[in-house]
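Submitted below is the structure of interest, expressed as structure tokens.
The values are calculated or read from the model by the stated rules, or taken from the named source; none is laboratory data. Just so you know, these numbers come straight off a predicted model, no measurement behind them. Here the Cβ positions follow ideal geometry from the backbone for every residue, glycine too, while neighbour counts run over all protein chains shown. Ligands, DNA and RNA are excluded from the accessible area calculation, which covers all protein heavy atoms including side chains. Shrake-Rupley method; radii C 1.70, N 1.55, O 1.52, S 1.80 Å.
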Amino acid sequence: MSELIVSLAAIVGEAHVLTDADTQAPYLTDWLGKYRGAAAAIVRPGSTEEVAAVMALCAERKVPVVPQGGNTSMSGGATPDASGQAIVLSLTRMNRIRAIDSIGNTMTVEAGVVLAKVQEAAQAAERFFPLSLGAEGSCTIGGNLAANAGGVAVLRYGTMRELTLGLEVVLPDGRIWDGLTALRKDNTGYALRDLFIGSEGTLGIITGAVLKLFPRPTARATAFVAIDDASAALALLSSVRARCGDRLTAFEFMTGDCLALILHHIADARLPLGAMPPAAVLIELSDADDEPALTRRLEGALTEALEAGGALDAAIAQDGTQAKAFWRIREGVSETLVRAGKAAKHDVSVPVAAMADFVAAANAAVSAVLPGIRPIVFGHLGDGNLHYNLLPPAYLDEDEFAAQAPGLTRIVHDETRKRRGSISAEHGIGQLRVSEMPRCKAPIELELMASLKRLFDPDGRLNPGKLLPHPTET
Ligand code: FAD
Ligand code: MLT
Ligand code: ZN
């Protein structure tokens, strides 16, 4: 056993330093199966003090550290490189809910608490924590924060940054920043909290957070609506919002090709419409109203759209079971894409009004390069965020397509940039998009980000190879 392993075991206990190949394996591959890394050890601290001691030891020995939560990153953000020099610091043992304040409407949690547990704890306290995404059964609050996760309720509640009041962070040298305040107003300088949120584990280890809680919605109304295309979806978004205001909680878009693929791969997914539409949206309203009133409101908005020709068909869920079945279709999409083969994944945002134009232009541009390519497009249309995935044409195998993927990605990102969009709306840069940063970020932004990185992590040991390109590439 190396001296490093012995010292790590002295901090967290021998049982929590994993060094054999079998126990390490799940920590070394990403959810999509795109990246495989190696590690000197997987280290599983049980407290903030243990994290601090591990970080101080790694600083002294110049050991790189890759923080990891639920390992559901869609950008290879939590997978170490292949050198085997880094440790993976898994926060999943830090899974305690420290406090709930039902007057201040806050919950204080450790970073390794699984998102679904936070939702359940909020519900048990007759409150609501709104972050919701397909991986909620395994992703952790620390990972949600480091990735500034979005999900399906951003339209109403915002991203993780907007859902957080305070943070506790261990710095790369082992010092602890206790920023666990529950203040809604604090104008005492630079917003360090907001800098750590979305930093993808490159500036510090998030060990705790104070989250905002909301009144629990007592009524929901859910509809699955057939439409022609993204342009029709935008018109429908506008009319539903005009009628329903901020009761509009989710507005999720799927093209017909995306729907067909889901129905093919997910055995229990059922289309709630008479025929396969060219595209569809899943709409959810929520409120403290009574449910029949909310359903009538949604019916009113959809009747208007059907009469005006903006919607082709619509199904409104009659109960919670039906609503769940509608969501099963939408939530099956990530699994579908894994089963369908390796997609070239993009997670772009553009101004909401430019989305239909973006889809048409990107489809035309990638098809011109690779005729028969299959765009599988879905996402959080209400937020201007589309998951623009590309599957190979029938005549290319997976490896041939993988060789073309970087060129296709540049085309998709160029269409995004033409509209002043972003190359990552919610999945982060990780290692998947890091080579695109010099092309897509202004030099001044890259320079400022690199300066911040040097300030927090002068040795560049924290999550190396993620988010920021190597200094020689900028
Ligand atoms: P990990 O994957 O373990 O890590 C993510 C990043 O955070 C890495 O860079 C890692 O180094 C860093 N990190 C983790 N923990 C810490 C910590 N304590 N301190 C510092 N850095 C840390 N994302 C969305 O935004 N919206 C979606 O709708 C969405 N849907 C998804 C659906 C599925 C089926 C899957 C598999 C993923 C989805 N994701 C989505 C992506 C992913 O789940 C989220 O980004 C999630 O927030 C990651 O949490 P995690 O705990 O798994 O983090
Ligand atoms: C989603 O919205 O379902 C996701 O962010 C996950 C994905 O892109 O596969
Ligand atoms: Zn998403």
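Restricting attention to region 62-70, does a residue exist that is polar (S, T, N, Q), surrounded by 20 or more Cβ atoms within 10 Å (Cβ to Cβ) and more than 16 Å from ligand 3 (Cβ to nearest atom)? I'd like the intermediate steps shown before the answer.
Quick first cut of region 62-70, residues polar (S, T, N, Q) only: 68.
This time we only want the ones that are surrounded by 20 or more Cβ atoms within 10 Å (Cβ to Cβ), so: 68.
Checking which are more than 16 Å from ligand 3 (Cβ to nearest atom) leaves us with 68.
Scanning region 62-70 turns up at least one residue that is polar (S, T, N, Q), surrounded by 20 or more Cβ atoms within 10 Å (Cβ to Cβ) and more than 16 Å from ligand 3 (Cβ to nearest atom).
Identify, please: which residue in region 355-384 is in a helix (DSSP H, G or I) and open to solvent by less than 20 Å² (accessible area, probe 1.4 Å) and is, among those, farthest from ligand 1 (Cβ to nearest atom)?
Let us first name the residues in region 355-384 that are in a helix (DSSP H, G or I), namely 355-369, 381-383.
This time we only want the ones that are open to solvent by less than 20 Å² (accessible area, probe 1.4 Å), so: 355, 358-359, 362, 366, 381-382.
Numbers: M355: 17, F358: 19, V359: 19, A362: 20, V366: 23, L381: 13, G382: 13 Å.
It comes out as V366.
Right, another one. Any residue that is in a helix (DSSP H, G or I), over 15 Å from the mean Cα position of the chain (by Cα) and among the small types (G, A, S) - is there at least one of those in region 408-423? Steps first, answer last, please.
We begin by selecting, within region 408-423, every residue in a helix (DSSP H, G or I); these are 408-418.
Restricting the remaining residues to those that are over 15 Å from the mean Cα position of the chain (by Cα) gives 408-418.
Now drop any that are not among the small types (G, A, S), which leaves none.
Within region 408-423, none of the residues are in a helix (DSSP H, G or I), over 15 Å from the mean Cα position of the chain (by Cα) and among the small types (G, A, S).
Restricting attention to region 172-217, which residues are closer than 20 Å to T140 by Cα, assigned to a helix (DSSP H, G or I) and open to solvent by 40 Å² or more (accessible area, probe 1.4 Å)?
Correct list: R193, D194, L195.
Take the residues in region 98-125 that are open to solvent by 70 Å² or more (accessible area, probe 1.4 Å) and in a helix (DSSP H, G or I), then tell me which one is nearest to I141 (Cα to Cα).
K117
Moving on. What pairs come out if I take residues in region 365-383 that are on the phi > 0 side of the Ramachandran plot and pair them with residues that are of a type outside the set (F, W, Y) and part of a loop (DSSP other than H, G, I, E, B) whose C-beta lies under 9 Å away, six or more apart or interchain?
G372/P392; G372/P393; G372/A394; G372/L396; G379/A425
Here's a follow-up. In the list G407, G372, which residue meets the criterion of being of a type in the set (G, A, S), at pLDDT 95 or above, touching a Pro at 6+ places or on another chain (Cβ under 7 Å) and over 30 Å from L302 (Cβ atoms)? Let's see the steps before the verdict.
Details: G407 fails: touching a Pro at 6+ places or on another chain (Cβ under 7 Å).
It is G372.
Tell me whether region 436-444 contains one or more residues that are within 16 Å of ligand 3 (Cβ to nearest atom) and part of a loop (DSSP other than H, G, I, E, B). Explain how you work it out, then say what you get.
Going residue by residue through region 436-444, those that are within 16 Å of ligand 3 (Cβ to nearest atom) are none.
Looking through region 436-444, none of the residues is within 16 Å of ligand 3 (Cβ to nearest atom) and part of a loop (DSSP other than H, G, I, E, B).
If you don't mind, another one. Return yes or no: is R161 out of contact with any Phe, Trp or Tyr (no Cβ under 9 Å at 6 or more places or on another chain) and touching a residue at least 60 places away in the same chain (Cβ under 8 Å)?
On the way: out of contact with any Phe, Trp or Tyr (no Cβ under 9 Å at 6 or more places or on another chain): yes; touching a residue at least 60 places away in the same chain (Cβ under 8 Å): no.
Judged against the criteria, R161 is not a match.
Search region 148-164 for residues being more than 11 Å from ligand 3 (Cβ to nearest atom) and hydrophobic (A, V, I, L, M, F, W, C), and hand back the single one that is surrounded by the fewest Cβ atoms within 10 Å (Cβ to Cβ).
Residue satisfying both the conditions and the ranking: L155.
Related question: Look through A301, A315 and report the one residue that is more than 16 Å from ligand 2 (Cβ to nearest atom) and in contact with a Pro (Cβ under 6 Å, 6 or more places away or on another chain). Break it down stepwise before answering.
On the way: A301 fails: in contact with a Pro (Cβ under 6 Å, 6 or more places away or on another chain).
From the options A301, A315, the qualifying one is A315.
Across region 75-92, which residue is nearest to ligand 2 (Cβ to nearest atom) among those that are over 22 Å from V109 (Cβ atoms) and open to solvent by less than 30 Å² (accessible area, probe 1.4 Å)? Let's see the steps before the verdict.
Looking only at region 75-92, we keep the residues that are over 22 Å from V109 (Cβ atoms), and these are 75-76, 79-87.
Next cut, open to solvent by less than 30 Å² (accessible area, probe 1.4 Å) only: 75-76, 79-80, 84, 86-87.
Working: S75: 10, G76: 14, T79: 17, P80: 22, G84: 29, A86: 26, I87: 28 Å.
Of everything passing the filter in region 75-92, S75 is nearest to ligand 2 (Cβ to nearest atom).
Here is a yes/no grid of residues against (1) more than 22 Å from S73 (Cβ to Cβ); (2) within 15 Å of ligand 2 (Cβ to nearest atom):
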{"position": "V366", "(1), (2)": "yes, no"}
{"position": "L370", "(1), (2)": "yes, no"}
{"position": "E398", "(1), (2)": "no, no"}
{"position": "T416", "(1), (2)": "no, no"}
{"position": "H427", "(1), (2)": "no, yes"}
{"position": "Q431", "(1), (2)": "no, no"}
